[in-house]
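Before any comments, here is the structure.
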Amino acid sequence: MRDIIIGILLAAGASACFNLATVVQAGETRKVENHDTASLALLGQLVKRKRWLAGVAVQLLAVPLQLAALTIAPLAVVQPADATGLVVLLIAGQRMLGEKVGWHEIASVGAIFIGVLGVALSGPEHSPDNAGTLSLVLVLGPLTLLALTPYLLRRKIPSGVMVVAAGTAFALTAFLMKIIADSLLASAWISLLLWGAAAGLIAVLGLNSEQGALQVRTVARVAPIIFVIELGLPIVLAPIIGGEHWPTDMAMAALLLGSLLLTIAGAFALMRSGPVNAVLEAEHAAEAEPASQLT
């Protein structure tokens, strides 16, 4: 249980970094030339903006925290624990912008923490094992194609497709982080480098899709959807190809499933709440064109 608690704390720290980076970067995305398709030209413009790069730096701080969490705790626990970092945005909305925290926000936070507690009590043991290469390719291959959809179509696509593609890319990155952590524990350096390169590439493409969606959608219509996909999909993959074994006892399995759903529901509700939305949307207020003017 000690490792589980430490893993949860590390994951919460990583989530806080990721969420702060989203806030920093969102305002910058609206200030660059709009692109009709998923093009790396968007990232080419964003890397010239110091504030956007600062957001990337904050994201990079989250990587070692997440890896450390995955070396001692199962993915089924680490992923839900990532939702606790959303509390940082809630506090910022109240303290910095004077937003009122009501029963909706309190209930959402309560759902997240109760869900994480339930997962910690009923979740699987940490496992450094994964499925074979063939199984990984068969399962992750189609998901990778989904993440690449905006780039494969080569034409103007609905912003919703970019949101789903970004969420899938980040979910794949989260799962690959487990494989990287397992490779680190096993001192399998070649595997670590190969999976690390794959995770880095997918993360960049996901980031580009997310930033493209933020050009035409508000953060409130992008971040919650991406977060739910990123949070839930790796949990589904963990028992299939991640070497984690869910409890066979029906009561414990029900507790685990219910806790996971409660955490995801709480995270989604909190990201759509007034205080959190106020923090996210505040980054768009200065020197940004309204989303309705972008095509």
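A short reminder: the numbers here are calculations on the coordinates, not readings from a lab. The model shown is predicted, which means the values in this text are computed figures rather than measured ones. Glycine gets a Cβ as well: all are built from the backbone with ideal geometry, and neighbour counts include every protein chain shown.
Across the stretch 2-293, C-alpha contacts under 8 Å between residues 6 or more apart give a mean separation that, scaled by the residue count, equals a relative contact order of 31 percent.
Taking 7 Å steps out from each Cα toward its Cβ at ARG272 and LEU60 produces label points 3.6 nm apart.
Projected label points at TRP103 and LYS156, each 7 Å from Cα along the beta carbon direction, are separated by 4.6 nanometres. Using 7 Å Cα-to-Cβ label points, what is the MET96/LEU194 separation (nm, one decimal)? Reported label-point gap for MET96 and LEU194 is 4.2 nm. Once the chain from THR248 to ARG49 is taken as fully extended at 0.36 nm per residue, the excess over their C-alpha distance is 66.5 nm. This ranking places ILE235, ILE114, ILE157 by how few other beta-carbon atoms lie within 10 Å of each, fewest first, which gives ILE114, ILE157, ILE235. Placing R0 at 30 angstrom, the Cβ-Cβ distance between ALA265 and THR133 gives a FRET efficiency of 0.30 after rounding to 0.05. Put in line by how crowded their Cβ is, counting other Cβ atoms within 10 Å and starting with the fewest, ASP82, ASP182, ASP3, ASP129 read ASP129, ASP3, ASP182, ASP82.
Looking at the square roots a ≥ b ≥ c of the eigenvalues of the Cα gyration tensor of the stretch 140-261, which shape do they give, rounded for a/c under 1.5, prolate if a/b is larger than b/c, or oblate? In terms of gyration-tensor shape, oblate. Pairwise Cα distances in the stretch 2-293 exceed 33 Å for 20 percent of all pairs. The trypsin sites (Lys or Arg not before Pro) found in the stretch 71-177 that occupy coil by DSSP, while having at most 15 further C-beta atoms within 10 Å, are LYS100, ARG154, ARG155, LYS156.
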